[in-house]
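Okay, so here's the structure we're looking at.
Any read-out appearing in this document is the output of simple, stated calculations on the displayed coordinates, not a laboratory observation. Being a predicted model, the structure only gives us computed values, none of them experimental. Because the Cβ atoms are built from the backbone with ideal geometry, glycine has one as well, and the counts that use them run over all protein chains shown.
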Amino acid sequence: MPLHAMEQDFHEDFQGWLYNQSTAEAVISLYDKKTGETRRINVLDPMWLVNCSKKDIDCLFFNKIVYDGPDKAQAQQYQKMVNLCFAKDTNSVRYWETKFRDIELEEFLKKEKGSEKFKKIRGEKTFHISEFALLYKFSWCP
């Protein structure tokens with residue numbers, strides 16, 4: 001499922017971000033110094049933050065989300081996603097270059113290699129009887 005497209009490179013206009021309990025979303029507040037206009041980015045799902053640029057992730061990491069006491073658990077979901085993106089260097093540019101893809105590939109190859117070794121070692125014969133398959137190991141054969 002594709003992630004929501006996020007505005008890129010908003011770090012220069014960044015004022016702050018907070019959790020809005022009435023809409024159940026994070027709101028990033030921006031102020032354009034050239035035009036004097038204020039605008040905001042509404043983030044409904046914490047996963048959308050993966051699509052921010054590296055500088056935006058850095059900005060959100062160093063400027064922690066603001067929230068009211070009862071909303072801590074919900075607000076921390078957004079902050080944890082930013083923390084993870086910062087720690088793993090995951091962002092809109094490097095999403096598929098992260099270490100997670102390498103780990104998944106290594107685990108897949110280990111499973112495949114292990115199953116091939118297992119097939120060689122076990123020396124089993126398969127006999128199909130109706131819908132069932134019986135596996136026998138002929139250790140008694142010379």
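Tell me, in nm to one decimal, what length is gained between R40 and L109 on full extension, where the rule is 0.36 nm per residue of separation less the Cα-Cα distance?
20.4 nm
Please compute the modelled spin-label separation between F86 and A5, points set 7 Å along Cα→Cβ, answer in nm with one decimal.
2.8 nm
Taking 0.36 nm per residue of separation and subtracting the Cα-Cα distance, what length does fully extending D32 through Q77 add?
13.4 nm
Taking a threshold of 30 Å on the Cα-Cα distance, which of the pairs K33/K54; K72/K110; K88/K111; K80/K113; K34/K55 fall above it?
K72/K110; K80/K113
Loop only by DSSP, 12 or fewer other Cβ within 10 Å of the Cβ. Give me the trypsin sites (Lys or Arg not before Pro) in segment 1-43 that pass, ordered by residue number.
Within segment 1-43, the qualifying trypsin sites (Lys or Arg not before Pro) (loop, at most 12 other Cβ atoms within 10 Å) are K33, K34.
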